[in-house]
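Reading through the structure tokens given below for one structure.
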Amino acid sequence: MMRMNRRMHIRYLAVVLGLVIAVSSASGKETSKASDTVALVNGTPISKQELDGEIVKLQKTYLGLGKPLTCKQVASFQSEVLESFIQRELLYQEGKKSGIEADQAVVSKELESLRKQFFSDADYKNELTRRGLTEEALRSRMEDNLIIQKLVDRRFASKIIIADNDMVAFYESRLELFKQPLQVAVSHILIQIDPKWDTSRKQTAKKKAEQILQDLKKGGDFRSLAREHSDGPTRTSGGDLGYIKKGQLDKQLEDVIFSMKPGELSELVETGYGYHIFKVTDRKPETVLPYDSVKEQIRQQLIQGKAKQEAEQFAKSLREKASVEILLNDDVVSAK
């Protein structure tokens with residue numbers, strides 16, 4: 001997304017995939033070749049491709065920290081990650097046995113929210129391809145994850161009570177979590193270009209962007225012009241990007257946006273994605289959110305933490321009764 005971006009939309013996708021990736025690729029919906037199966041959970045295969053993908057991500061994380069993993073460490077992680085896959089598959093199966101179904105409207109809303117984090121549908125689909133996923137497979141996994149979440153909510157989360165003093169203690173001991181950095185509310189118009197375009201076509205796009213900027217300087221309505229001309233994902237909302245924090249956009253764009261005052265219009269900003277025009281509508285200074293405004297958020301976080309622990313114990317009890325066949329061989333994945 002205008003590299004609102006590779007960093008932000010990949011991070012968002014990673015969060016979503018972090019929730020659904022651990023659900024077995026099969027879950028009764030997908031088939032898996034025997035050579036691509038690392039475990040069978042009550043007859044349901046778990047994909048080697050997904051296990052390898054998770055291990056590669058771990059290796060890259062440690063490599064980025066300057067701590068490359070040894071083969072022995074990778075093998076250990078493989079076993080741990082596979083066990084988490086098995087436990088999640090067991091929770092999924094238990095949810096299905098309990099008659100829990102995924103709310104399709106919720107799944108569709110999550111998918112749409114995810115898609116909007118990308119600059120274009122092509123960019124979104126390319127990221128899925130890079131992760132070895134189709135949208136159909138992603139939707140299926142979101143459904144599976146929703147079933148697991150409903151199971152956990154019904155059996156554990158709904159029965160957990162958090163005391164007020166525990167919430168206050170959590171807040172006071174972790175004030176850094178509730179710091180609200182400087183935020184800027186900004187609207188955006190993008191006239192897209194493709195690096196493969198010839199000079200003439202790029203110049204045409206630039207002239208269009210320059211004309212829009214002139215119209216804005218003459219008093220043109222930003223929202224109307226964004227709806228009419230912008231190629232960006234926020235076109236339908238009149239170019240409204242909402243509040244932006246540092247680190248969400250490319251530095252080139254942030255340098256422009258965070259130097260502007262409310263009501264101010266930027267000049268044309270050129271990037272590899274096209275020509276950008278920004279308008280800042282508000283600025284919120286850095287602050288610490290008051291306890292009352294995050295009280296319910298803390299309550300839910302503590303509830304989910306305890307529910308997760310109870311769900312893990314429940315999954316272990318299911319594991320003892322389940323038919324689980326480990327097919328993981330001695331191959332070790334290497335991050336590229």
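Looking only at the stretch 158-177, count how many residues are surrounded by 11 or more Cβ atoms within 10 Å (Cβ to Cβ), outside any loop (DSSP other than H, G, I, E, B) and more than 23 Å from the chain's Cα centre (by Cα).
Residues that pass the stated criteria total 8.
Which one of Phe77, Phe85, Phe118 is part of a loop (DSSP other than H, G, I, E, B) and of a type in the set (Phe, Trp, Tyr)?
Exactly one of Phe77, Phe85, Phe118 is part of a loop (DSSP other than H, G, I, E, B) and of a type in the set (Phe, Trp, Tyr), namely Phe118.
Going residue by residue through the stretch 136-149, is there one that turns out to be surrounded by 16 or more Cβ atoms within 10 Å (Cβ to Cβ), under 22 Å from Leu318 (Cα atoms) and among the polar types (S, T, N, Q)?
Scanning the stretch 136-149 turns up at least one residue that is surrounded by 16 or more Cβ atoms within 10 Å (Cβ to Cβ), under 22 Å from Leu318 (Cα atoms) and among the polar types (S, T, N, Q).
Of the residues Ala226, Ala157, Ala163, only one is touching a residue at least 12 places away in the same chain (Cβ under 8 Å) and out of contact with any Ser or Thr (no Cβ under 7 Å at 6 or more places or on another chain); which?
On inspection, the qualifying residue turns out to be Ala157.
Ser224 passes all but one of (1) of a type in the set (S, T, N, Q); (2) within 22 Å of Tyr124 (Cα to Cα); (3) part of a helix (DSSP H, G or I); which number fails?
(2)
Quick check on my filter: what residues within the stretch 121-157 are in a helix (DSSP H, G or I), touching a helix residue (DSSP H, G or I) at 6+ places or on another chain (Cβ under 7 Å) and not charged (D, E, K, R)?
Matches in the stretch 121-157: Tyr124, Leu128, Leu138, Met142, Asn145, Leu146, Ile147, Ile148, Leu151, Val152, Ala157.
Quick one: Lys321 ticks every box in (1) over 26 Å from the mean Cα position of the chain (by Cα); (2) assigned by TED's automatic domain parsing to the domain that holds Asp221; (3) of a type in the set (Lys, Arg) except a single one, so which number is it?
(2)
Please state which one of Glu310, Glu296, Glu264 is of a type in the set (D, E, K, R), in contact with a Lys or Arg (Cβ under 9 Å, 6 or more places away or on another chain) and more than 30 Å from Gln93 (Cα to Cα).
Of Glu310, Glu296, Glu264, the one residue that is of a type in the set (D, E, K, R), in contact with a Lys or Arg (Cβ under 9 Å, 6 or more places away or on another chain) and more than 30 Å from Gln93 (Cα to Cα) is Glu264.
Conditions: (1) surrounded by fewer than 21 Cβ atoms within 10 Å (Cβ to Cβ); (2) assigned to a loop (DSSP other than H, G, I, E, B); (3) under 21 Å from the mean Cα position of the chain (by Cα). Glu101 meets all but one. Number of the miss?
Against the list (1) surrounded by fewer than 21 Cβ atoms within 10 Å (Cβ to Cβ); (2) assigned to a loop (DSSP other than H, G, I, E, B); (3) under 21 Å from the mean Cα position of the chain (by Cα), Glu101 comes up short only on (3).
Identify the single condition in (1) closer than 30 Å to Lys218 by Cα; (2) assigned to a helix (DSSP H, G or I) that Lys308 does not satisfy, given that it satisfies every other one.
(1)
Does Leu190 fit the bill of being over 32 Å from the mean Cα position of the chain (by Cα) and either crowded, with 16+ Cβ neighbours inside 10 Å or in the same structural domain as Leu302 (by TED's automatic domain parsing) (or both)?
It is false that Leu190 is over 32 Å from the mean Cα position of the chain (by Cα) and either crowded, with 16+ Cβ neighbours inside 10 Å or in the same structural domain as Leu302 (by TED's automatic domain parsing) (or both).
Among the residues of the stretch 66-82, count how many are within 10 Å of Leu51 (Cα to Cα) and touching a residue at least 60 places away in the same chain (Cβ under 8 Å).
Total meeting the criteria: 3.
Gln180 is checked against (1) of a type outside the set (Lys, Arg); (2) closer than 27 Å to Tyr243 by Cβ; (3) exposed (fewer than 14 other Cβ atoms within 10 Å of the Cβ); (4) in contact (Cβ under 8 Å) with a residue 12 or more places away in the chain and fails just one. What number does that condition carry?
(3)
The values are calculated or read from the model by the stated rules, or taken from the named source; none is laboratory data. As the structure is a computational prediction, the values presented were derived from the model and not from experiment. When we count neighbours, we look across all protein chains shown, and the Cβ atoms used for this are built from the backbone with ideal geometry, even at glycine.
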